[in-house]
Amino acid sequence: MEARRGPLFWVYCALAALGAILPYAILLPWLAEHGIDVGLFGSQLFATAPASAFAADVLFAAAVFLIFVMAEGNRLAMRGLWLAPIVLLAIGLCCALQLFLAQRERVLSRHS
């Protein structure tokens, strides 16, 4: 029997959608201008101290997020744990985190 999904599940889903749109709204114009130039992307990502600080922050948070996904996902016997790392790589942490939290809410609602 499917448990009723609470409002937090839908908030996380909406934020995941927004988190999928926002980075690509910024990245797609850059890709249209420069193409897939990994070297240029990397050099611009770390071009200034503030940019480097943000990049390091997000990369570190993404690594911690993967540990959390595996630990929490296994603790709750969640299915579909493969989705979070794929979304993390394809879109980014700003979508993958909310998507995982929505999956987690769905599991938690079944237990309550």
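Values quoted throughout were computed directly from the atomic coordinates according to the rules given, and no laboratory measurement underlies them. Nothing here was measured: the structure is a model prediction, and the numbers come from that model. Ideal geometry is used to build each Cβ from the backbone, glycine not excepted, and the neighbour counts take in all protein chains shown.
Taking P(r) over Cα pairs in 5 Å bins from 0, in percent straight from the coordinates, which label in (1) 2, 11, 17, 20, 19, 12, 8, 6, 3, 1, 0; (2) 2, 9, 12, 12, 11, 9, 8, 8, 8, 7, 7, 4, 1, 0; (3) 2, 13, 23, 24, 17, 12, 6, 2, 0 is the correct one? Identified label for the calculated read-out: (1). Could you identify which residue out of VAL87, VAL69, VAL11 has the top mean-square fluctuation in a GNM of the chain using Cα springs shorter than 10 Å? Residue with maximal mean-square fluctuation among VAL87, VAL69, VAL11: VAL11. The HN-Hα couplings worked out from phi for the stretch 51-66 by the Karplus form 6.51 cos²θ - 1.76 cosθ + 1.60 (θ = phi - 60°) are 5, 5, 5, 5, 4, 5, 4, 5, 5, 5, 4, 5, 5, 5, 4, 4 Hz, whole numbers, x standing for Gly and Pro. Of PRO23, PRO50, PRO85, the residue with the greatest mean-square motion in the GNM of the chain, using alpha carbon springs below 10 Å, is PRO50. Loop-located trypsin sites (Lys or Arg not before Pro) in the stretch 1-101 (DSSP state other than H, G, I, E, B) with a sparse environment of at most 11 neighbouring Cβ atoms within 10 Å: ARG4, ARG79.
In the chain, Cα pairs under 8 Å separated by at least six residues give a relative contact order of 52 percent.
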